[in-house]
Amino acid sequence: MIFEMCVLSVLFIAQIVFFVVYFSYGKILMLKYGGWFILILSAIFGWLPIYTFRKKGKVPKGKSYVHTTELVTSGVYSVVRHPQFLAGILLSLWFFLVSQHWSVLVLGIPVMVIFYKDMFEADRSNIEKFGEAYASYMKEVPRMNFILGLIRIMKKKLMI
């Protein structure tokens, strides 16, 4: 796990460096605009969990927001189970869409794969921590497909 995090960090930093170097390289405006939309989504999925965990996760005083003692299934966690991993994937995708350089994509693919793989480990860890409640939650809320998550929420609201 530590080795994987080191690899992820090195690749992510390298992707940022190449993104900065090739920031003006991309010429396809639709990809650039799409990239900026992806960045907004990444910010939403990256920051909302901090607020949500602090408000609903019964985090002990003085502890980081990730030290929840209660399963949180509302807010952004009613849309996707792993919003911050999704934010990392979207951020990596943003780097490529804006720069449109092959090196940024080559560095970003393993970053996105590692983030995706880490979601499975987080699911296993959360089952150990929260038990059957988390297993049931997994059946209701998609891992990272926020479009499906939003559709499911709308269907529930229309049924009520």
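The values are calculated or read from the model by the stated rules, or taken from the named source; none is laboratory data. Source: prediction; values computed, not measured. Please note: Cβ atoms are built from the backbone with ideal geometry, for glycine as well, and neighbour counts cover all protein chains shown.
Tabulated data for the structure shown
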quantity: Residue among LEU31, LEU48, LEU93 that alone is part of a helix (DSSP H, G or I), buried (at least 18 other Cβ atoms within 10 Å of the Cβ) and in contact with a helix residue (DSSP H, G or I) (Cβ under 7 Å, 6 or more places away or on another chain); calculated: LEU93
quantity: Which numbered condition TYR51 fails, given (1) at pLDDT 95 or above; (2) over 11 Å from the mean Cα position of the chain (by Cα); (3) of a type in the set (Phe, Trp, Tyr); calculated: (1)
quantity: Region 96-133, residues that are of a type outside the set (D, E, K, R), more than 22 Å from SER42 (Cα to Cα) and surrounded by fewer than 19 Cβ atoms within 10 Å (Cβ to Cβ); calculated: SER125, ILE127, PHE130, GLY131, ALA133
quantity: Residue within region 81-99 that is modelled with pLDDT under 95, out of contact with any Asp or Glu (no Cβ under 9 Å at 6 or more places or on another chain) and either under 25 Å from TYR134 (Cα atoms) or aliphatic (A, V, I, L, M) (or both) present; calculated: no
quantity: Odd one out for VAL98 among (1) assigned to a helix (DSSP H, G or I); (2) free of Cβ contacts under 8 Å to residues at least 24 places away in the same chain; calculated: (2)
quantity: Pairs, first in contact (Cβ under 8 Å) with a residue 60 or more places away in the chain in region 122-135, second part of a helix (DSSP H, G or I) and of a type outside the set (Asp, Glu), C-beta under 8 Å, six or more apart; calculated: TYR134/ASN126; TYR134/ILE127
quantity: Among (1) surrounded by 13 or more Cβ atoms within 10 Å (Cβ to Cβ); (2) touching a residue at least 12 places away in the same chain (Cβ under 8 Å); (3) β-branched (Val, Ile, Thr); (4) more than 18 Å from LYS117 (Cβ to Cβ), the one test that VAL7 misses; calculated: (4)
